[in-house]
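Taking it in order: structure first as structure tokens, then the write-up.
The values are calculated or read from the model by the stated rules, or taken from the named source; none is laboratory data. Please read these numbers as outputs of a predicted model, since none were measured by experiment. Cβ: placed from backbone, ideal geometry, glycine included. Neighbour counts: every protein chain shown. These accessible areas exclude ligands, DNA and RNA; they are computed on the full protein's heavy atoms, side chains included. Shrake-Rupley method; radii C 1.70, N 1.55, O 1.52, S 1.80 Å.
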Amino acid sequence: QVQFVESGGGLVQPGGSLRLSCAASGTIFSIYAMGWYRQAPGKQRELVAAITSGGSTNYAESVKGRFTISRDNAKNTVYLRMNSLKPEDTAVYYCNAWPGTLEVWGQGTLVTVSS
């Protein structure tokens, strides 16, 4: 069974940085394109960034130039480096396959950007 375990969230001041990690198990990780998604209070879940098995990336307009997605297939892990964080980045962040998500979601990791 597929499992995703996200970590690295926390409280950070505006302009700060965080690096999120997502460890995947129970699947052949290297063949999947992966995405980071987020859900803010009262809003729908949205795609933040995605990376193909070959390393091509794409980003939501709201995070372009600030966030960087990467992956380590040997470790079955995908990362999200977040710089210049803004209060509107506050959300629970999840990883999953992309573009079609798998039914199982992890618990997510909470990112709070506040002074």
| note | Over the range 87-112, the set of residues aromatic (Phe, Trp, Tyr) and assigned to a loop (DSSP other than H, G, I, E, B) is Trp98, Trp105
| What number of residues within the range 24-41 are over 20 Å from Pro99 (Cβ atoms) and modelled with pLDDT of 95 or more? | 1
| said: Could you go through the range 39-54 and let me know if any residue there is in contact (Cβ under 8 Å) with a residue 40 or more places away in the chain, under 19 Å from Phe67 (Cα atoms) and hydroxyl-bearing (Ser, Thr, Tyr). | reply: no
| What strands (runs of 3 or more DSSP E) lie completely within the range 1-53 and have 3 or more residues being open to solvent by 50 Å² or more (accessible area, probe 1.4 Å)? | 3-7
| note | Picking from Ser62, Ser115, Ser84, the residue that is on the phi < 0 side of the Ramachandran plot and either surrounded by 13 or more Cβ atoms within 10 Å (Cβ to Cβ) or not in a loop (DSSP other than H, G, I, E, B) (or both) would be Ser62
| remark: The residue that is most open to solvent (accessible area, probe 1.4 Å), considering only those in the range 65-81 that are of a type in the set (D, E, K, R) and not in a loop (DSSP other than H, G, I, E, B), is Lys75
